[in-house]
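Please read the structure below before turning to the comments.
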Amino acid sequence: MTAIAARAPISMRTAQVRRVAQWPAAPVLIFLIGLVVPWSVELGSFGITLPRLVLLVVTVPCLLKWARGEAGQRNLVDFLLLALCAWICLSLAVVEGWTSGLESGGMVAVETAGSYFLARCYVRTADDFLAVVRVLFFCVIALLPLAIVEALTGTNLPMDFFGSILPTVAVSYDGLRWGLKRVQSVYEHPILFGVCTGSTLALVYLVLGDTHSIWRRGLGTVLVAATAFLSISSGALAMMAFQVALIGWAKTTSRIPHNWMLLGGIFAATFLAIELGSTQSVPQFYIARFSLDRETAWLRLLIWEFGSASVLAHPLFGIGFGQWVRPVWMSDSIDMFWMTVAIRHGIPGGFLMMSLPAVTLAITTSAHQPDRRVALYRVAYLIVIASFFLVGWTVHFWGAAYLLFLFLLGAGGWLASVTSVPVVEHIRLRGGAAIAHLVRAEKLS
């Protein structure tokens, strides 16, 4: 009786601490909300957006926190990302000239390292991760009714509203598809609207829906899918289909040891089968079959052909922000993120960028997670990173989508080493030493 009475206040205080931790730290919250605020104010040669402003402030402090070991255990991805930033600055300095090259390279490095290390420093526990997913979900839900209006009427209400206060990113005037206006909403392009909203599907289903009923979890997932669908983008649709397939794999093979390594082996075997048994390379095979119309597929195959030629012609430092060689009637847009990096910054830059998700998947998959909640969050994280890697072959990430990709990449750094989050440690981080002392006493009793 006495022991139960003594524990009641502890549980109540712990619950209070958890309620305080429902939302991310202020820099993360402002950054995530900034991703759906389309303001872009010209300052010299740069467009200053709200997320960029946050990153200009927090990048150096976050790097110092990481260097002091305050962002948890360092891993290989951290150093690969720093090497990528250094190479981007060097390649642009060589190609564009040291002054303009270092200015442009410095901004890219701030976006790249800042987004990643912001997450590494402030997303350190399962509760932090849940708080991030909660904000992303609320942003998607807030955009859904506005997206429906835009799809049916062509009126972009959020861009009109934000544009009445400050300049915004450019409005895309894509034509109709399937009788609907492709929704751009607050992003730079309808494709990016679909990628940014659709990338949250597995996170909402597995992380946010973990403690909810099957109906509430299903409703949240359907709302995310409906929002991303309104982009009417093959990249977004493929991204969501891939996430659904991986969720199905996780559920049906949960009792099989090393099920994710097994899946990796299946992908490797499929890769070899396509390379050896098809006249197309794997990217060409994927592009040709996962585009909504033949014209789009044909253009992306041409991008692969002429983009690969550009990489081979400028293998070390790339061409910077210059024009790549292509037929005069082709657009300069490169709808292929991994190819874009290699064209601009050479094979080393492309290799380093591709190594970030690849190494992340490898080290996160191999980490043993006995805690059920942490293991579930790890599955969600693996799925979203894998889906970004897949869709990067048919979509270029820039603006908000690029920042979100790098942020999510860093948001799972803790999963590579943390097996579980002890209650005492969670409270020490969030609520103070006094409550932690009481919990220690409870555990000893």
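The values are calculated or read from the model by the stated rules, or taken from the named source; none is laboratory data. Source: prediction; values computed, not measured. Ideal geometry is used to build each Cβ from the backbone, glycine not excepted, and the neighbour counts take in all protein chains shown. Areas reflect the complete protein model, heavy atoms only, side chains present, ligands, DNA and RNA absent. Shrake-Rupley method; radii C 1.70, N 1.55, O 1.52, S 1.80 Å.
Counting only alpha carbon atoms, the long axis of helix 50-67 and the longest principal axis of the chain meet at about 60°.
Computed about its Cα centre, the charge dipole of the chain is approximately 1720 debye, with only Lys, Arg, Asp and Glu carrying charge at their Cβ. Near His345, within a Cβ-to-Cβ distance under 15 Å, what is the net charge of the other residues, with Lys and Arg +1 and Asp and Glu -1? Value of the local net charge: -1. Between Ala86 and Phe271, the C-beta separation translates, for a Förster distance of 30 Å, into a calculated FRET efficiency of about 0.50. Per-residue extension of 0.36 nm, minus the Cα-Cα distance of Val60 and Ile148, leaves a gain of 27.7 nm for this segment. Sorting 328-340, 355-367 by average packing, meaning the other beta carbons within 10 Å per residue, from highest down gives 355-367, 328-340. Nearest 10 degrees is fine. How inclined is helix 234-252 to the longest principal axis of the chain, computing both from alpha carbons? Result, in degrees: 40.
Placing unit charges on each Cβ (+1 for Lys and Arg, -1 for Asp and Glu) gives segment 46-159 a dipole about its Cα centre, and among Leu84, Thr59, Gly154 the Cα reaching farthest toward its positive end belongs to Thr59. Computed with a 1.4 Å probe over protein heavy atoms only, the accessible area of Arg74 comes to about 100 Å². Among 54-67, 256-269, sorting by the average number of other beta carbon atoms lying within 10 angstrom of each residue, highest first, gives 54-67, 256-269. Under the rule a/c < 1.5 gives rounded, and otherwise a/b versus b/c splits prolate from oblate, where does segment 68-210 land using the Cα gyration tensor? Verdict is oblate for segment 68-210. With both labels modelled 7 Å from their Cα along Cα-to-Cβ, the Asp210 to Leu301 distance reads 4.4 nm.
Segment 162-208 gives an Rg/Rh value of 1.09, both radii derived from C-alpha positions and Rh following Kirkwood. For segment 101-203, chymotrypsin sites (Phe, Trp or Tyr not before Pro) meeting the loop criterion (DSSP other than H, G, I, E, B) and having at most 13 other Cβ atoms within 10 Å: Tyr173, Trp178.
The protection proxy used here, the mean number of other Cβ atoms lying within 10 Å of each residue, ranks peptides 370-380, 242-252, 197-207 as follows, highest first: 197-207, 370-380, 242-252. Accessible surface comparison of Glu103, Glu96, probe 1.4 Å, protein chains only, largest first: the order is Glu103, Glu96. Ranked from largest to smallest solvent-accessible area, with a 1.4 Å probe on the protein heavy atoms, Phe389, Phe271 come out as Phe271, Phe389. Given R0 = 60 Å, the distance between the Cβ atoms of Val171 and Ala245 translates into a calculated FRET efficiency of 0.95. Computed from Cα atoms, the angle from the helix 126-153 axis to the main principal axis of the chain rounds to 50 degrees.
Once the Cα-Cα distance is subtracted from the 0.36 nm per residue extended length, the His368 to Met330 segment shows a gain of 8.9 nm. Each helix, a run of at least 4 DSSP H residues, gives -39500 (n - 2.57); summed and divided by the residues of the chain, these come to -22500 deg cm²/dmol at 222 nm. Just the protein heavy atoms count here, and of the accessible area of the chain at 1.4 Å, carbon and sulfur take up 68 percent.
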